[in-house]
Every structure is written in C-alpha cells, then in structure tokens.
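Take a look at the structure below.
The values are calculated or read from the model by the stated rules, or taken from the named source; none is laboratory data. Remember, it's a predicted structure, so these values are computed and weren't measured experimentally. Heads up, the Cβs are rebuilt from the backbone with ideal geometry, glycines too, and the neighbour counts pull from every protein chain shown. Side chains are part of the model used for accessible areas, which takes the heavy atoms of the whole protein and leaves out ligands, DNA and RNA. Shrake-Rupley method; radii C 1.70, N 1.55, O 1.52, S 1.80 Å.
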Amino acid sequence: MMWLPSLILGVWTLFSHSTAESAMQEAKHFVVDIISINGEEFVVKDENGKEATIHVGTETEKFGHLQAGDRVDAWIFPNGQAKTLMILRSGAIMRADREQQKQQELQQRAEAQPEQARPAESAPR
C-alpha cells in the first residue's frame, strides 16, 4: 500500500497538464496576411503564397483590431486554432503606401517625359 500514494501522485502529475498547455508548446510561428474574415474563420496567406483557414476564437490572444489586408504575426496550433495574432502592419496603411507609391511613379514618369512642343511664339514685327 505504500506505492498507492506514489501512483496517485504520478497519475495526477501526468494528467495535470491540460491539452491546451501541450498544444501551446506545439504552436508554430508564421507571418501571414489576412485575406478574408468570416466570423471566427480567417483565411490567411503565408509568405510563400500558401493559403489556409484558421480559427480565431475567444481564447485567441489578439493584439489590435484585425481586418482583411492586415499582415500579422501568428502563432497557430497544428489543428488550425490561432493562439496569438498580432498586427505587424495594418492593411489600411499598406493600401495607402501602395497608392502613394503609384502617385510617385506617375509623377516621375511625367517628369521624365520630354516637354510637349510648345507653340512658336509670334515674332515681333
């Protein structure tokens, strides 16, 4: 009977680690862009262009107001449950940057083109 307390302690120790704790150790880090959001299901694309659907529930730590177009640091469990999402760059800022870059390119092209031929000024008589 001396072994019974040891057995109980061993079993308790074995099962005291919750599934969530074990899963936390398995969460992998990705940098992804949020493509679309439908409730708790997010479609994301990684840096290699691979798309996946992840679940973002109440247990997910979220840093920032997540929107489609955002680039995020994501820690995701193998089952697709997101552990943590943190905005690296807002989609709205990225769109504004792209628009600004387009405007700069248009301006540079306009400046690089030779000036249109101006009508000849009339010579004094």
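Key figures for this structure:
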quantity: Single residue of Glu105, Glu61, Glu41 found to be open to solvent by less than 100 Å² (accessible area, probe 1.4 Å), modelled with pLDDT of 90 or more and over 28 Å from Glu26 (Cβ atoms); calculated: Glu105
quantity: Looking only at the range 64-102, and only at residues there that are open to solvent by 50 Å² or more (accessible area, probe 1.4 Å) and among the acidic types (Asp, Glu), the one that is modelled with the highest pLDDT; calculated: Glu99
quantity: Subset of the range 29-38 (residues that are surrounded by 18 or more Cβ atoms within 10 Å (Cβ to Cβ) and in contact with a Lys or Arg (Cβ under 7 Å, 6 or more places away or on another chain)); calculated: Val32, Asp33
quantity: Near pairs, Cβ below 7 angstrom, 6+ apart or cross-chain, from the range 33-61 (at positive phi) to any residue that is outside any strand (DSSP E or B); calculated: none
